[in-house]
Amino acid sequence: MGKNSYKAQLNYYDSKWGWKSEGTASQGQWDGTGVRTGVLYFPGLAALKGKIINSIKLTATTGQTGYGTATTKTVYIYNSASQGGIKTSLNAGHRTGNALGSCKAPMWDNTKTFDVAFMAASIAAGYDTYCIYNGSSYTDYLKWTAVTLEVDWQEPATQPSLSAATVEMGKSVTINTPAVNNAYRHTLRYSFGSASGTIATGIASSVSWTLPVSLANQIPSATTGSGTIYCDTYSGSTLLGTKSVSITLTVPGSVVPSAGTLSATLAEDTSGTGLYVKGMGKAKLTLSGASGAYGSSITSYTITGGGWTTTNSALTTGTLASAGNITFTATVTDSRGRKASTTRTISVIDYTKPGVAVCDVYRCDADGNRKKAGTYFAVEINASYSAITGNILNITARYKKQSESSYGTAMNVTNNGKTVIGGGSIGASTTYDVLVTVADKYNSLLIQRTLSTKSVLQSFKRSAGAAIGKVAELANWLDVAWDTRVRGNLQVDGTISSADQYRIKWQTIPDGADLNDDAYKISGHYRSPLGSNTILNAPPWVKGAFEMVVTGIADGTYCTQTVKDYRDNYTYVRTQSNWTTPWVWSDWTWHLIPADLKSYAQLQSPNNLIHAGNEFTFVAPQFSNDIWLNYRTSSGNTDGNIGTYLFGNGKGGLAPIKASGIYADTLGWKTLWSGKLTSGSITITGAKKYAAILVSGHPGSEAYRTHICLPTGGIDGQMVTNMVYMYFVTTYSGDDCTITLKSNPSNGNIDYVWGIVQWKG
C-alpha cells in the first residue's frame, strides 16, 4: 500500500511544425493550421502494474497560452502508443484508442488539480505514457508546463484456487491462497444456498476443508449445486480486498431417503381365522415412516408383490389366490430422484374345498354286510378337507323314497369308514334317493346316489308297468336297473333326461334367481326369456333376455358359464375352477362375435382408437386426456423392447412431425428487455423458455457495442474490448433470469436482451 507522486516529462507534436523541445505539453490549434498533441511520460509509474488503484489526482500548471483567463478548456487524456518514454519517431501517431476521460477548467497561467480516476485501469495495466489532445477549436489551445500524478494504491487481494472444482459433501478440498506478499493472511468463507460460514482464519498459503454433508439441505431437489468460497486478504488488521472462486457440491450417493416400515394386515378375512388363507382373504400393505434425507421430500411411492401394484402408500390386494410366501416391496423416491426400498413377506395357508375320493351306497344287513334285499343301507366314504385353524369336516346322509318330495333327517356319517343307516326299514321293493353332504366350515359338496330295489330278473306292476333287474314300481314305465346296450337305432320322440340333470331341453331361469347357485353349475342349456330381469350375478351388461350354456369337467366344481345377450353379438364368459382362485367364480369377460374381423377391429370407447393391421388413428374429437402409444407382449411388461417409433409418409419414407408444443414458427429472436442497466440487476421474465439469451451493450461509456450469447441455465458473462470490460452474472428462478452487474469500471451499460429459439410455451 502507498501513495506515490510522479512528475511527468513533457513534449508535444505540431502537425505543421513537427516536434518541439520546449519541455511543455501542448494541445489544440495555435494558428489555425497546425494541430498539437501533447505527450506526458511519468517515470516509475509502470511499477504500479497489477496494483489496486484507489485514487488518482493530476496536478497541471498551465502557461500564459490560449484565449483568456476565464475560458473553460477541455483536455482529453489518451493512452500513448508508445510506453516507457516519448518517441519522436511516432510523429502524430502517439495518441491511440479512445479518450480515457477529460479535465475541464479555466486554464491560463494557473495550477489545477483534477480527479482522474478514469486512468486507474490503464495504470493498473502498466501504462506510464499518455497524450493530451483536443482538436475541436482554438479555445482549447493550451500548454502544460508541469504535470504530476499522485496515486493512492494497494497490493491486490489474493485470488483463491481449489484442488478440485467439484467436491462431494463429506469429503475435503484444498483451498490455495497464493498471496503476493508473504506477510498477508487470509480469512476463508463459504456461501451455499442460504447457508454461509467461516472456513478458517489466519491462513497463509492453503487449508484443507471438509464439506459438511448438512449442506445437502440447501438443494432438496437436486444432487448438485453451485457455491462460492470467498477469500478476504489482510495486511495485519487491514482488509485489502476480497476475491472468490466457485465450487460445485454433490450430494453423496449414501444420502437416500428412508423407506420406513411396510406392515401387513388382513383387509378381508372370510375364513374367520385371522390368518392369510388362500381364496378367503385379502391383505393390506401399508407403508409408514418414509422420509427424505437432508431436506428432500418423498415424491412418489410404489408397492408391488404377488402380481399387484400401486403408486400409493397403501395397497389392498385382491383375493389371495395362491398358497405360500408372497413378498411385497415398497419403494419411495425423493425430490432428488433417490430411491429406497423395504420388504414384507406374508405366508398364505393353503385351502381347498372338501373333496370325495370314494362314496359308495349299497343295501346291507344290520352288520353292514352287502345284501341285495337288505333292509339297511351302508355309506362308505373317503373325503378330504383343509385342516386349517378352526376348520372341521362334517358328513351327513339323508334319504327318501324316490316317489317322495322331501328328504328325512340328516344322520352323521363316519369318514374313512362304514356307516349303517335305515334301522331295518328300507323296503326291498322300493327305490330310495340318498343325499350325502360333505361340508367344512366354508363350503359343502352334495353327492346324490340311488338305492335300487332288490335285484330280480323281471318284475311286472299289477297296473301297467314293468321292470328289469329290479322290482317294478312305476306305472306306465319300463324301469331298467341294468346297463343297457341298444345295437340298433334308438328313436326318442320325447325329452331325454337323467337323474343327474344332463339335458338337451332348455331350462328356464326364473326372475330373481342367482347364477351362483349350484343348480346353474350343472351342464345344460338355460334361458331367461324376460325383456327385463333381476337375475343375480349375471353379467352386469345384461339386463334383459339371454341364453346360457353351462359346461363342466366336474359339475358343480369345474365348470364354465357362457351367456349370449339377445341384443347384440357379445358373449360373456366366467369360470369356476381349482386352477385359478379355488372354487370362486372369475369375473365376467366379454367377447365380440364379428361378422367381419376388419370391420370390427376397433375399440368403440373410450378413445375411438381405430385399428386395422399395423395402422391406427385417434378420432375422438373431444378427447382431452393423454394418448399413449403402448406395446404389450404376451408376457405383459416383462419382455420385448421397442427400438424406434417411425412415422411413415405412406411412400416408404418418413413424414415430418409438427406439433403446436414445439414452437416451430418462433425460432427467431424476440426482444425480452430493453433499457439501460449500469448497476444493480434486472429480471428477464420467461428467459428460460428460450434455448439461449443474447445480451447486448457497451462495456465502456465510449466503447462500441458488444454482444454475448449465453445458454439459459445460469452462466456468467463478460463484455470486453481491447481496453475496457464489464462483468455480470445470471441466476434463474423458474423460467425467469436475473442479470446482475458485478463490475463496471468504465461506466458501460447493457441495453438489450433477446431470446433465441423459443422451445417452451
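The values are calculated or read from the model by the stated rules, or taken from the named source; none is laboratory data. Since the model is a prediction, treat every value here as computed from it, not as a measurement. Virtual Cβ from ideal backbone geometry, glycine too; neighbours counted across all protein chains shown.
Which residues, taken from region 314-342, are modelled with pLDDT under 95 and either over 30 Å from GLN576 (Cα atoms) or aliphatic (A, V, I, L, M) (or both)? Scanning region 314-342 gives LEU320, ALA321, ALA323.
Among SER191, SER206, SER172, which is assigned by TED's automatic domain parsing to the domain that holds THR242, farther than 24 Å from PRO252 by Cβ and among the small types (Gly, Ala, Ser)?
SER206
Just the residues that are aliphatic (A, V, I, L, M) and buried (at least 17 other Cβ atoms within 10 Å of the Cβ), please, taken from region 128-161. Across region 128-161, the qualifying residues are ILE132, LEU142, VAL147, LEU149, VAL151, ALA157. Before we move on, is ILE53 more than 60 Å from the chain's Cα centre (by Cα), of a type in the set (Val, Ile, Thr) and surrounded by 17 or more Cβ atoms within 10 Å (Cβ to Cβ)? No; evaluated as a whole, the condition is false for this residue. The strands (runs of 3 or more DSSP E) found entirely in region 305-388 that carry 1 or more residues being of a type in the set (Gly, Ala, Ser), exposed (fewer than 15 other Cβ atoms within 10 Å of the Cβ) and touching a residue at least 12 places away in the same chain (Cβ under 8 Å) are 324-334, 339-348, 355-364.
The residue that is surrounded by the most Cβ atoms within 10 Å (Cβ to Cβ), counting only those in region 1-33 that are modelled with pLDDT under 90 and closer than 30 Å to GLN154 by Cβ, is MET1. Of all residues in region 261-304, those satisfying the criterion of being in a loop (DSSP other than H, G, I, E, B) and either buried (at least 19 other Cβ atoms within 10 Å of the Cβ) or in contact with a helix residue (DSSP H, G or I) (Cβ under 6 Å, 6 or more places away or on another chain) (or both) are SER271, TYR276, LYS278, GLY279, MET280, ALA290, GLY292, ALA293, TYR294, GLY295, SER296. Of the conditions (1) over 30 Å from THR248 (Cα atoms); (2) in a loop (DSSP other than H, G, I, E, B), LEU100 clears all except one; give me its number. Every condition holds for LEU100 apart from (2). Taking region 673-700 as the range and being surrounded by 20 or more Cβ atoms within 10 Å (Cβ to Cβ) and either assigned to a strand (DSSP E or B) or not assigned by TED's automatic domain parsing to the domain that holds VAL724 (or both) as the test, the residues that pass are TRP673, LEU677, ILE684, TYR690, ILE693, VAL695, GLY697, HIS698, PRO699, GLY700.
Scanning region 255-285 for residues that are within 30 Å of ALA222 (Cα to Cα) and of a type in the set (Gly, Ala, Ser) returns SER258, ALA259, GLY260.
Tally time: how many residues in region 326-367 are closer than 30 Å to VAL277 by Cα and not aromatic (Phe, Trp, Tyr)? Break it down stepwise before answering.
Residues of region 326-367 closer than 30 Å to VAL277 by Cα: 326-332, 341-359.
Narrowing the set further to residues that are not aromatic (Phe, Trp, Tyr) leaves 326-327, 329-332, 341-350, 352-359.
So the count comes out to 24.
Residue pairs whose Cβ atoms lie under 7 Å apart, sitting 6 or more positions apart in sequence or on different chains, and linking a residue in region 517-532 that is assigned by TED's automatic domain parsing to the domain that holds CYS559 to a partner that is aliphatic (A, V, I, L, M) and outside any strand (DSSP E or B), are TYR526/ILE509; ARG527/ILE509; SER528/ILE509; SER528/ILE535; SER528/ALA545; PRO529/ALA545; LEU530/ALA545; GLY531/ALA545.
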